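Undergrad: Let me give you the structure first, and then I'll get to my questions.
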Amino acid sequence: MTAELQKGQRLTLSRDTDVISIPFGKTVTLESGAEVEVMQARGTSISLAHAGRLYLLEGDQRDAVGLPAIPRPTLPADADDAALEAFVWEQLRTCYDPEIPVDIVELGLVYGCRINTLLTGERMVNIRMTLTAPGCGMGDVIAADARHKILGAPQLSKVHVEIVFDPPWSREMMSEEARLELGMF
């Protein structure tokens, strides 16, 4: 949790605010004055509860709860595919399952990413990832969070996140740091 927020802390939105609904992954707007409760703050996102539902507040919307907004990251216009791929991995490391305090790369959920140039000249990112369990309902939220962060690079016009279950995820796929954080040895 970021130093400025504590789990259970109650906040009031200062303006209409776009958030990602959990577990559906759809962007919705919470109205100014809505009371929210902090569930988790990791990376650049904050998981919030409001009216019995959960939402993900992205870093560029943090000013709505009185914190400095974190601008969407970007790259120079002449960035090559290697720089774009490094950017994608960096952004994926800021994505968290709203219920787990470890990023999706360290959890071993991301199997790979590839940059493709389309016939139109646009560049597209294809990401293959899995979930901790086939019935996990967080896939849409994690995919929406990743898309939002990656599309901060103007060179990338599309992000396709494919959720696969082969090979199935296991705790051995987690980094040593993730296992330590979660107490899973």
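The values are calculated or read from the model by the stated rules, or taken from the named source; none is laboratory data. Here the structure is a predicted model, which is why all the values come from computation and not from measurement. Every residue, glycine among them, receives a Cβ derived from its backbone with ideal geometry; neighbour counts consider all protein chains shown. All accessible areas refer to the heavy atoms of the entire protein, side chains included, with ligands and DNA or RNA removed. Shrake-Rupley method; radii C 1.70, N 1.55, O 1.52, S 1.80 Å.
Undergrad: Once the convex hull of the alpha carbons of the range 101-163 is built, what does its volume come to per residue, in cubic angstrom?
TA: 86
Undergrad: Starting from one equal scatterer on each C-alpha and no solvent at all, send me the Debye-based log10 I(q)/I(0) for the chain at q = 0.13 Å⁻¹, two decimals.
TA: Each listed q maps to, in turn, -0.69.
Undergrad: Another question, then. Can you pull out the GluC sites (Glu not before Pro) in the range 83-143 whose DSSP state is coil and whose Cβ has at most 14 other Cβ atoms within 10 Å?
TA: Loop-located and lightly packed - E122.
Undergrad: Something else: If R₀ is 35 angstrom, what is the calculated FRET efficiency for the pair T117 and R72, using the beta carbon separation as r and rounding to 0.05?
TA: Using R0 = 35 Å, I get an efficiency of 0.95.
Undergrad: Turning to a different aspect of this structure: For the range 1-71, just list the percent of Cα-Cα distances falling in each 10 Å bin from zero outward, please.
TA: 22, 64, 14
Undergrad: Hey, what's the chain come to in accessible area per residue, 1.4 Å probe, Å²?
TA: Result: 50 Å² per residue.
Undergrad: How many percent of the accessible area of the chain is carbon or sulfur, using a 1.4 Å probe?
TA: 52
Undergrad: Give the residue from A69, P23, C113 lying farthest towards the positive end of the charge dipole for the chain; charges sit on Cβ (+1 for Lys and Arg, -1 for Asp and Glu) and the dipole is referred to the Cα centre.
TA: Positive-most Cα among the choices belongs to P23.
Undergrad: In the chain, what percentage of the DSSP-assigned beta bridges are antiparallel, given to the nearest 5?
TA: 80
Undergrad: I've got another one for you. I need the peptides 41-54, 125-138 ranked by packing, meaning the mean over residues of other C-beta atoms within 10 angstrom, with the highest value on top.
TA: Put in order of decreasing packing, that is 41-54, 125-138.
Undergrad: Next question, about the same structure. Can you compute the equivalent ellipsoid semi-axes for the range 69-141, i.e. the square root of 5 times each eigenvalue of the Cα gyration tensor, sorted largest first and rounded to whole Å?
TA: Semi-axis lengths for the range 69-141 are 25, 16, 10 Å.
Undergrad: Determine ³J(HN,Hα), in whole Hz, for all residues of the range 57-73 in sequence, where each value follows from phi through the Karplus function 6.51 cos²θ - 1.76 cosθ + 1.60 and θ = phi - 60°; x replaces Gly and Pro.
TA: Here the 3J(HN,Hα) series is 9, 6, x, 6, 10, 4, 4, 5, 10, x, 10, x, 5, 9, x, 4, x Hz.
Undergrad: Relative contact order of the range 92-176, please, whole-number percent, based on alpha carbon pairs below 8 angstrom and at least 6 residues apart.
TA: Across the range 92-176, relative contact order equals 33 percent.
Undergrad: For the range 174-180, just list the computed ³J(HN,Hα) in residue order, Karplus coefficients 6.51, -1.76 and 1.60, θ = phi - 60°, integers in Hz, with x standing in for Gly and Pro.
TA: My calculation for the range 174-180 gives 6, 5, 4, 4, 5, 4, 5 Hz in order.
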